[in-house]
Amino acid sequence: MIYLDYQATTPLAPEARAAMLPWLAGPGEAGFANPHSPHRYGRAAAAAVEVARAQVAALLPPGGRVVFTSGATEAINLALVGFGAKKLAVSAIEHAAVLDTARFLDPDVAVLPVNGEGLVDPDVAVPQGTDLVAVMQVNNEIGTVQPVDTLVHRAKNMGALFLCDAVQGAGKIAAPEGADLIAISAHKLYGPKGIGALWVRNGVQLAPLIHGGGQEGGLRSGTLSPALCAGFGAAAALCTSLSKTDRSHVERLWEKALALFEGWTLNGSADARWHGNLNLRLPGMDVSRLLSECRNIAFSAGSACASGSGRPSHVLRALGLSDRDSKSAIRIGFGRYTGDDELEQAAAAINAAARAQGVI
């Protein structure tokens, strides 16, 4: 299999796996201890959790705290529900975790449009009285990087908090410095599934979603997994130490991919974009047939969370594409562990399958 679906999930870094193993211990070993227990083994597990917390925090701005969650969806819910926002404004291309939660809380939520490049206008009208604005850093379907810094400034001027879904950007580009709440996920930056985090700026007050033992400073009750925390921390530390090589590798693959898929139409801005995301379309292409004929290549027709729904992508529709054009798009994602030969072989197979449909 050639794996080109890095927006859905990234491979687990070997270093992250190695960091997890001591905490997946069995009988007679110390690593299985509960990190909330007061004995020596529990304190050792708790220390591992705090090391991981510091490693994750290094990806995020100063002046806040990291609250571990089960993933970014829980982190986003904790931010939106925990803050108790009454009037929300969110971008039209947010992940369902933001859009659906915002609509649940505020049926009249203001949806901020994007242009044909997939970008929110920095001067977009935000309704007066809005108390929380949510705009993602990097879109999961088309990879566009939003003008978060400008939008944060506007939110602050109107007295609103700013939530940023930084799932696709964390560990790849600089954190959104001005945000009040930032959600991230371990498995999008070469860590394990089942753990994420919400960064909360100092002074921001939230109510817990999950009640019980009062763990995570009273914001998220439940026993933490030292193994998941350690894997998350190790993956975050790698993103810090390998940031330059990761970026240069992705940029080189991006240039190669553009040449390999010449003749396809790129969805979203080519410049204001994370270049590990290549969202392309061909008029009249049957994407289901393409995926079937290229079954040894892992790529997608959009967000993994919406796969199989049969609905056109809300992100592509927000760009102004018709339902038909939206359904003719594929997403190719690559990153740290993608080889040049893998990208070349995948492009050859995908192009061959498209030619067989007569759309190239």
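Does region 50-110 come out rounded, prolate or oblate, given a ≥ b ≥ c as the square roots of the eigenvalues of its C-alpha gyration tensor, rounded meaning a/c under 1.5 and, failing that, prolate meaning a/b above b/c? Judged from the Cα gyration tensor, region 50-110 comes out prolate (a/c at least 1.5, a/b above b/c).
Taking 0.36 nm per residue of separation and subtracting the current Cα-Cα distance, fully stretching the chain between K256 and D271 would add 3.8 nm.
Given R0 = 45 Å, the distance between the Cβ atoms of N157 and K193 translates into a calculated FRET efficiency of 0.75.
Shape verdict for region 258-360, please, from the Cα gyration tensor: rounded (a/c under 1.5), prolate (a/b greater than b/c) or oblate. Spell out each step's value before the answer.
Details: a/c = 1.42, a/b = 1.16, b/c = 1.22.
It comes out rounded by the Cα gyration axes.
Placing a pseudo-label 7 Å from each Cα along the Cα-to-Cβ vector at A125 and D340 gives an inter-label distance of 5.2 nm.
Run the helix sum for the chain: -39,500 (n - 2.57) per DSSP H stretch of 4+ residues, divided by residue count, reported at 222 nm to the nearest 500 deg cm²/dmol. Can you show the working numbers first?
Values: 11 runs with 124 residues, N = 360.
Taking each H run of at least 4 residues, the total per residue is -10500 deg cm²/dmol.
For N115 and I173 in the same chain, what is the full-extension length gain: residue separation times 0.36 nm, less their Cα-Cα distance, in nm? If you can, show how the numbers build up before the last one.
Details: separation 58, 0.36 × 58 = 20.88 nm, distance 2.25 nm.
Net length gain for the segment: 18.6 nm.
Ordering S288, G263, H249 by the projection of their Cα atoms onto the charge dipole of region 249-296, which places +1 on the Cβ of Lys and Arg and -1 on the Cβ of Asp and Glu, puts S288 at the extreme positive end.
Kindly rank 336-342, 265-271 from highest to lowest mean number of other beta carbons found within 10 Å of each residue.
Values: 336-342: 14.7, 265-271: 16.9.
Put in order of decreasing packing, that is 265-271, 336-342.
About the centre of its Cα atoms, the chain shows a dipole size close to 560 debye [charges on the beta carbon of Lys, Arg (+1) and Asp, Glu (-1) only; nearest 20 debye].
Rolling a 1.4 Å probe over the protein heavy atoms of region 91-143, with every protein chain left in place, gives an accessible area that is 54 percent carbon and sulfur.
What is the calculated FRET efficiency for S241 to L209, with r their C-beta to C-beta distance and R₀ = 45 Å, to the nearest 0.05? The formula returns an efficiency of 0.85 here. Here the chain yields Rg over Rh of 0.98, to two decimals, using C-alpha coordinates and the Kirkwood radius.
Scaling the Cα radius of gyration of region 183-320 by the globular reference 2.2 N^0.38 Å produces a ratio of 1.38.
Putting +1 on Lys and Arg Cβ atoms and -1 on Asp and Glu Cβ atoms, find which of W23, M1, A58 reaches farthest to the positive end of the dipole of region 1-86. Ranked along the dipole, the leading option is A58.
Solvent exposure of the chain amounts to 42 Å² per residue of accessible area, where only protein heavy atoms count and the probe is 1.4 Å. Taking Cβ atoms as reference points and 13 Å as the exclusive limit, the residues near R289 contribute a net charge of +1, counting Lys and Arg as +1 and Asp and Glu as -1. Relative contact order, whole percent, for the chain stands at 24, derived from Cα pairs under 8 Å and 6 or more residues apart.
The mean of 1/r over all pairs of different alpha-carbon atoms in region 42-177, once inverted, gives a Kirkwood hydrodynamic radius of 15.7 Å.
Just to be sure I understand: of the beta bridges DSSP finds with both ends in the chain, what percent are antiparallel, rounded to 5?
Values: 22 of 38 bridges.
Around 60 percent of the beta bridges assigned by DSSP in the chain are antiparallel ones.
The values are calculated or read from the model by the stated rules, or taken from the named source; none is laboratory data. All of these numbers come straight from a predicted model, not from anything done at the bench. Using ideal geometry, Cβ is built from the backbone for each residue, glycine included, and neighbour counts are taken over all protein chains shown. For the accessible areas, the whole protein counts, side chains as well, though only heavy atoms, and no ligand, DNA or RNA atoms are used. Shrake-Rupley method; radii C 1.70, N 1.55, O 1.52, S 1.80 Å.
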